[in-house]
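Peer 1: If you scroll down you'll find the structure; I have some questions about it.
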Amino acid sequence: MGDTFTTYDGSEYEVLERPAGPTDPLVMRFRLLDHCGAPPPHIHPHAREVFEVEEGSFELQLEGAWQTVSPGEAVTVEPGQSHTFRNHSGETVVVRNVHDPHHDFETYLRRIAGISHEYKAMGPSGPRPVLAMARLWQEHTDLIQPSPLPLKLAFPVLGLLARLTGTSAPSAS
């Protein structure tokens, strides 16, 4: 068992099983508050991600189509498939998440939590958090990449601006 960390909006990310090696999965439990922060559409170029709902329900967008995922249901996102999620259910949702292989997904999520607390935001609330997120994504291209064309074009420019302005993503703590 690992530990739990939170984002600024109060959502929790609990490590259930840490990987023993570089090709092993990371197993986590997400407790996502209603209207919590959500990632932009993205792909994981080398990892499969499984979302299994334990409590509540949430929406998962897979290749542009939204679907509601309810307790006991699971959705597998294959490497290279565009996806994102949101919780607009009116309640907290609990999701078991498996990222396989892990590609240091825990560190990445911890750094997102750090950005959310540093900027007291869970989304693009101003230039600094946007630059910090772009810089973080550039540091983890083996793990995550934007999928819609506008973000594919914008993130390299934003990452460069982040470097030029000295904006960085907090380290994992």
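Every number here is computed from the coordinates shown, using simple stated rules; none is lab data. Note that this is a predicted model, so its numbers are computed, not measured. Because the Cβ atoms are built from the backbone with ideal geometry, glycine has one as well, and the counts that use them run over all protein chains shown.
Peer 1: Could you give the angle, 0 to 90 degrees to the nearest 10, between helix 149-165's Cα long axis and the longest principal axis of the Cα atoms of the chain?
Peer 2: Roughly 50 degrees between the two axes.
Peer 1: Can you tell me the orientation of helix 127-139 relative to the chain, as the angle in degrees between its alpha-carbon axis and the longest Cα principal axis, to the nearest 10?
Peer 2: 70 degrees
Peer 1: Any chance you could check the Cα centroid distance between the range 25-87 and the range 120-173 for me, in angstrom?
Peer 2: 21 Å
Peer 1: To the nearest 20 debye, what is the magnitude of the charge dipole of the range 107-165 about its Cα centre, counting +1 on the Cβ of each Lys and Arg and -1 on the Cβ of each Asp and Glu?
Peer 2: In debye, rounded to 20, the range 107-165 gives about 120.
Peer 1: Please find, in a Gaussian network model of the chain (springs between Cα atoms separated by less than 10 Å), the residue of LEU131, LEU151, LEU32 whose mean-square fluctuation is greatest.
Peer 2: With Cα springs under 10 Å in the chain, the top fluctuation among LEU131, LEU151, LEU32 is at LEU151.
Peer 1: Considering the chain as a Gaussian network with a 10 Å cut-off on Cα pairs, which listed residue, SER125, SER11, SER89, attains the greatest mean-square fluctuation?
Peer 2: SER125
Peer 1: Separate question: Measure off 7 Å from each Cα along the Cα-to-Cβ vector at ARG29 and SER171, then give the distance between these two points in nanometres to one decimal.
Peer 2: Modelled inter-label distance: 3.0 nm.
Peer 1: Here is a follow-up. Where q = 0.12, 0.23, 0.24 Å⁻¹, what log10 of I(q)/I(0) comes from the Debye formula for the range 122-173, counting one point per Cα?
Peer 2: Values, matching the q order: -0.23, -0.86, -0.93.
Peer 1: A further question on this structure: Multiply the residue gap between THR107 and LYS152 by 0.36 nm, knock off their C-alpha separation, and tell me the result in nm, one decimal place.
Peer 2: 14.0 nm
Peer 1: Set the Förster distance to 22 Å, then compute FRET efficiency between GLU91 and GLN67 from the Cβ-Cβ distance, nearest 0.05.
Peer 2: 0.75
Peer 1: Can you compute the helix-only [θ] at 222 nm over the chain? Use -39500 (n - 2.57) per DSSP H run of at least 4 residues, normalise by all residues, nearest 500 deg cm²/dmol.
Peer 2: -8500 deg cm²/dmol
Peer 1: For helix 105-118, what angle does its Cα long axis make with the longest principal axis of the chain, in degrees from 0 to 90 and rounded to 10?
Peer 2: The helix 105-118 is inclined about 60 degrees to the chain.
Peer 1: Which FRET efficiency, nearest 0.05, do ARG48 and GLU118 yield, Cβ-Cβ r, R0 30 Å?
Peer 2: Computed FRET efficiency for ARG48 and GLU118 comes out at 0.45.
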